[in-house]
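Beneath this line is the structure, given in C-alpha cells, with notes to follow.
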Amino acid sequence: MTGGRVSKAFKYLGERDRDFFFTYGDAVSDIDIAALYKRHLETGKKITITAVHPAGRFGEISLGKNGVVKGFQEKPQTTEGYVNGGFMVVNREFVTSFMSGGDEAFEGEPMQKATRASELAAFCHDGFWQCMDTAREYQILNNLWNGGNAPWRKNWGD
C-alpha cells in the first residue's frame, strides 16, 4: 500500500533530509514544484498536498423550469471541489508522528491524523492535471504528447 512504500523508502533519507517529495505516480501535471515547496515551507505543516480540479468524465447540464436545458458543457473541469492531486511535500516528522510503519494506505489514517492535528496544508493548483487510471486517460495523455500539446512539458526547459 502507499503508506507501506513510504515507510520503506523513509529509511533511505539522510538525517539532515527534513522534507521529501512524494507522488503516487499515476498523474501528470504542470505543477510548479518550486511553488509547491515554497507553500510547504510557508505553512510549516508536516505535509502539503496539491489540490486540483479534475476534469469531469461526463457532460454537465444546467436545468431550468420543467426540465428545459439551460446550458450544456461537455466534460468541464470541476470548479467547486478540489481533490488530492497526488503531488506532495512531506516533512520527515509526518512519518514518525502519523504513520505506523506498517503496510497502510498513506491517504487513510496517516492523512486523517494529520488533518485532525491541523498539520495538513494544501497547495491549490488550477493548471493542467490529469490522472492516468484508465485506458481512456492513457489515450488522452498520449494524444497530447504525440500531438506536441503536452502542457506538463512547459517547465522542462528543453
Requested in this report: Among the residues of region 112-148, write down those that are touching a helix residue (DSSP H, G or I) at 6+ places or on another chain (Cβ under 8 Å) and polar (S, T, N, Q).
Outcome: 130
Query - Top-ranked residue in region 5-39 [being aliphatic (A, V, I, L, M), open to solvent by less than 50 Å² (accessible area, probe 1.4 Å) and assigned to a helix (DSSP H, G or I); ranked as farthest from residue 153 (Cα to Cα)] - result: 6
Query raised in the report: Which number in (1) at pLDDT 90 or above; (2) within 24 Å of residue 9 (Cβ to Cβ) marks the one condition that residue 127 misses?
Result: (2)
Report task. Output the residues belonging to region 139-158 that are more than 21 Å from residue 53 (Cβ to Cβ) and open to solvent by 100 Å² or more (accessible area, probe 1.4 Å). Result -> 145, 146, 156, 158
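The values are calculated or read from the model by the stated rules, or taken from the named source; none is laboratory data. Remember, predicted model here, so these are calculated numbers, not experimental data. We place every Cβ from the backbone using ideal geometry, glycine too, and count neighbours over all the protein chains shown. Protein only, heavy atoms only, side chains kept; ligands, DNA and RNA dropped before computing areas. Shrake-Rupley method; radii C 1.70, N 1.55, O 1.52, S 1.80 Å.
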